[in-house]
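The structure appears below as structure tokens.
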Amino acid sequence: MSPLDAAEVRNQKIIRTAAEKEYHIIRLLGHGKGGYSYLGEADAGQVVIKQIHHEPCDYYAFGNKIEAEKRDYERLRKAGIRIPALISIDEEAEIVVKEYIPGDTVFDLVRDGRSSDPYLNQVREMAALAKAAGLNIDYFPTNFVICDGLIWYVDYECNEYMEEWNFENWGIRYWSRTPEFLDYLAKNG
């Protein structure tokens, strides 16, 4: 399934059905390795609707993305990582609906020249929980939303723990205006 048309999303005309529920698409939140995430709305309030995509990614190998979303959600939940609740999965349409956590991302802070220092202890606590569960999470700062002083890991991606991909060896490179962050910003706006 292809991503939603950006013009239609801007005009707020898209209705998606996921697991027999209709959601009104408000706007695109982001585009990642595995899908497009949209802010959506239903009778119960705002949600994130992730439409899985199958675009090539030269640095990451995927299996079944829907199965990975379900598996990784459970692994993160059991590890005690602060994540948004999984509301539903429509396997046929390849749509994941999850709780919407409002707020800026850590990426927004760094991009705008603000400090992520107030959140470093929290991400390190998450990293310790992930390591204890034998996992790494994706520490890229777009995956962390700040809400009421807490950071939330809003992606469900996790992998088996490897020292080279932990927060201190990889993630921290993007949590301030480092050369790596600035290079990413220059290439991706």
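The values are calculated or read from the model by the stated rules, or taken from the named source; none is laboratory data. This one's a predicted model, so the numbers in the text were calculated from it and none came from an experiment. Virtual Cβ from ideal backbone geometry, glycine too; neighbours counted across all protein chains shown.
For Ala93, work out the one condition from (1) assigned to a loop (DSSP other than H, G, I, E, B); (2) at pLDDT 95 or above; (3) surrounded by 14 or more Cβ atoms within 10 Å (Cβ to Cβ) it doesn't fulfil.
It is condition (2) that Ala93 fails.
Mind listing whichever residues of segment 78-93 are within 16 Å of the chain's Cα centre (by Cα) and either under 12 Å from Trp152 (Cα atoms) or acidic (Asp, Glu) (or both)?
Ile81, Arg82, Ile83, Pro84, Ala85
Going by what's in this entry, would Leu109 be described as in contact with a Phe, Trp or Tyr (Cβ under 7 Å, 6 or more places away or on another chain), of a type in the set (A, V, I, L, M, F, W, C) and surrounded by 14 or more Cβ atoms within 10 Å (Cβ to Cβ)?
Numbers: in contact with a Phe, Trp or Tyr (Cβ under 7 Å, 6 or more places away or on another chain): no; of a type in the set (A, V, I, L, M, F, W, C): yes; surrounded by 14 or more Cβ atoms within 10 Å (Cβ to Cβ): yes.
No.
Please go through segment 70-90 and pick out each residue that is modelled with pLDDT of 95 or more, closer than 17 Å to Gly34 by Cβ and among the aliphatic types (A, V, I, L, M).
Once the filter is applied, which keeps residues that are modelled with pLDDT of 95 or more, closer than 17 Å to Gly34 by Cβ and among the aliphatic types (A, V, I, L, M), segment 70-90 yields Leu76, Ile83, Leu86.
I'd like the full set of residues that are surrounded by fewer than 17 Cβ atoms within 10 Å (Cβ to Cβ), within 15 Å of Asp117 (Cβ to Cβ) and in contact with a Lys or Arg (Cβ under 9 Å, 6 or more places away or on another chain), limited to segment 169-184.
Arg177
Of all the strands (runs of 3 or more DSSP E) wholly in segment 118-158, which have at least 2 residues that are outside the structural domain of Gly30 (by TED's automatic domain parsing) and aromatic (Phe, Trp, Tyr)?
Working: elements: 135-137, 144-147, 150-153.
By residue number, 150-153.
Taking the residues in segment 148-168 that are out of contact with any Leu (no Cβ under 8 Å at 6 or more places or on another chain) and surrounded by fewer than 15 Cβ atoms within 10 Å (Cβ to Cβ) as candidates, determine which candidate is nearest to Gly63 (Cα to Cα).
Of segment 148-168, the ones out of contact with any Leu (no Cβ under 8 Å at 6 or more places or on another chain) are 148-152, 154-155, 157, 162-168.
So of that shortlist, the ones also surrounded by fewer than 15 Cβ atoms within 10 Å (Cβ to Cβ) come out as 148-150, 162-164, 168.
Working: Asp148: 35, Gly149: 35, Leu150: 32, Met162: 19, Glu163: 22, Glu164: 22, Glu168: 27 Å.
Top of the filtered list is Met162.
If Ala61 meets every condition in (1) in the same structural domain as Lys33 (by TED's automatic domain parsing); (2) at pLDDT 95 or above apart from one, which number is that one?
All conditions are met except number (2).
If you take the residues in segment 19-57 that are over 19 Å from the mean Cα position of the chain (by Cα) and over 23 Å from Gly103 (Cα atoms), which one is modelled with the highest pLDDT?
Glu22
For segment 63-79, does any single residue satisfy the condition of being in contact (Cβ under 8 Å) with a residue 24 or more places away in the chain, closer than 30 Å to Ala186 by Cβ and not in a strand (DSSP E or B)?
Our first condition is that a residue be in contact (Cβ under 8 Å) with a residue 24 or more places away in the chain; within segment 63-79, this holds for 65-66, 68-69, 72-73, 75-76, 78-79.
Filter once more, so that each one left must be closer than 30 Å to Ala186 by Cβ: 65.
Filter once more, so that each one left must be not in a strand (DSSP E or B): 65.
Yes: segment 63-79 contains one or more residues that are in contact (Cβ under 8 Å) with a residue 24 or more places away in the chain, closer than 30 Å to Ala186 by Cβ and not in a strand (DSSP E or B).
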